[in-house]
Every structure is written in C-alpha cells, then in structure tokens.
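Visitor: Provided herewith is a single structure, encoded as structure tokens, for subsequent inquiry.
The values are calculated or read from the model by the stated rules, or taken from the named source; none is laboratory data. Keep in mind it's a predicted model, so treat the numbers as computed, not measured. A quick note on method: Cβ atoms are made from the backbone with ideal geometry, for glycine too, and the neighbour counts reach across all protein chains shown.
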C-alpha cells in the first residue's frame, strides 16, 4: 500500500504516467452490505421486571448469534447497524428464549474535550491509556417490550460485566465508558437513571472538520466509571 500510494502521488504530480485503470474491485469496507433480516417473535412482552428475570447477557461477536444482533439493530435502531472498528464487543440480552436488548461497544474517540477534562489526564496519559475506555454507540431496547425500569436495569448490569468480558477477549480491562445522546431526540433518561454522569457536549465539528463551525449534530456526552480508582488508573504514564 505504501508503494501504491507513492506511485499514485508521482503520477498525479506528473513525474510518471501509469497505465489506465482496467478494473476497480469493490471495497467491502466502504460498501458494506446491509445485514440480512432474521425473523424473531415480535409479540408484545409486558409485565414487571421481576416477571421476566433472570436475564441472560450473551457476548455474541463471532458466534452464530451475531447475525441476529446485526439484524435487530438494522431493523429497530433509528441509526441502523454500522460495523464497529477497532476493539469491539456485541451483547444480546435474552428473557427466556426471546431477545430483549442489544448493546454495542467499541474503542473510544482518541480526543473528546469534555471527557478529557472530567478525567483530568494528561495528553501523555491519554495516548497511553485510551484503550482502557469504551464507547457505547448502540443500545437497543426492542420496541415490543413494556417493562418498567428495564432499560436502566440492563445498563447497570451491563457495566458490571463489560470489563471482565473485554479482558477475556482483548487482554485488558475497561475503566471508563461513554456514550453520546442526541438531545433533539432523547434525554438519555435510562442512562441518567443508571447513574451515568453528564460530562458536557461535543463541538459538532468531528475529527475531519477544517473550521470551527459545527458540521454535524451537537451531542450530549455521558460517562460512567467502572471502578472508583478510574482517575488514578487512567492517569498512569
């Protein structure tokens, strides 16, 4: 890829002339196919939280249940399914044999002003320890559920089991998690009820913005420490 990039640059600057392109193979990373639809039982599920417990949290990445996870997000999450990059995990939550929720987790943004000010870590510590944070890009509670307090209950349990599963898969724990809330759509009530902390708001510029004007929706940033020593552990250099 380095050689290819150098030759393309020399061609564009007129130092060499490459032959015409004969074939442009599709890039599966840039043009991903949408997940196939997996049919599930969509009958209403009502009742008290105690009546649908115990709930089964399953880590489904690279398992036979991963297509179901992808399908549910594509069908029922307003943002649809998007393939995570970097380190990531996918969880399905079941009540008996029926899926009730999906959690997606992935590597956190390298820089986020309000989060970094809250953590109080240095640039050196951030570069060294950014892999010890995780980002929650998707949380889906399936629409046929009518169970009070279920969303905050799931979030509370999810944060208790996430670090151990991350360490099992990737060999290191997670000390802090974050998510974004679109305030034009949601208040993030279930996150607040699960004691997530409002850290601030994004600038709306994104990592590729050239100017200081917002180029995307400004989001509210919420975070949650997975250990009381999170600041001490994340500040180590």
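Visitor: Do you know which residues across the stretch 126-144 are surrounded by fewer than 19 Cβ atoms within 10 Å (Cβ to Cβ), touching a residue at least 24 places away in the same chain (Cβ under 8 Å) and farther than 16 Å from residue 79 by Cβ?
Guide: The answer is 128, 131, 144.
Visitor: May I pose another question? Which one of 24, 4, 32 is at pLDDT below 90 and outside any loop (DSSP other than H, G, I, E, B)?
Guide: Answer to the selection: 4.
Visitor: Of the numbered conditions (1) surrounded by 16 or more Cβ atoms within 10 Å (Cβ to Cβ); (2) in contact (Cβ under 8 Å) with a residue 60 or more places away in the chain; (3) over 17 Å from the mean Cα position of the chain (by Cα); (4) under 20 Å from residue 192 (Cβ atoms), residue 148 satisfies every one except a single condition; which is it?
Guide: (1)
Visitor: Also: Any chance you could count how many residues in the stretch 77-93 are more than 18 Å from residue 62 (Cβ to Cβ) and surrounded by fewer than 17 Cβ atoms within 10 Å (Cβ to Cβ)?
Guide: Final tally of qualifying residues: 3.
Visitor: So, one more: Has the stretch 186-199 got any residue that is free of Cβ contacts under 8 Å to residues at least 40 places away in the same chain and assigned to a strand (DSSP E or B)?
Guide: Yes, the stretch 186-199 contains at least one residue that is free of Cβ contacts under 8 Å to residues at least 40 places away in the same chain and assigned to a strand (DSSP E or B).
Visitor: Could you pull out every one of the helices (runs of 4 or more DSSP H) wholly within the stretch 42-139 that has 1 or more residues that are closer than 18 Å to residue 157 by Cβ and out of contact with any helix residue (DSSP H, G or I) (no Cβ under 6 Å at 6 or more places or on another chain)?
Guide: 49-52, 66-76
Table: residues versus (1) at negative phi; (2) outside any helix (DSSP H, G or I); (3) in contact (Cβ under 8 Å) with a residue 40 or more places away in the chain.
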| site | (1), (2), (3) |
| --- | --- |
| 152 | yes, no, yes |
| 158 | yes, no, yes |
| 164 | yes, no, no |
| 173 | yes, yes, yes |
| 183 | yes, yes, no |
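Visitor: Just wondering, is there one or more residues in the stretch 108-122 that are more than 21 Å from the chain's Cα centre (by Cα) and under 25 Å from residue 151 (Cα atoms)?
Guide: Scanning the stretch 108-122 turns up no residue that is more than 21 Å from the chain's Cα centre (by Cα) and under 25 Å from residue 151 (Cα atoms).
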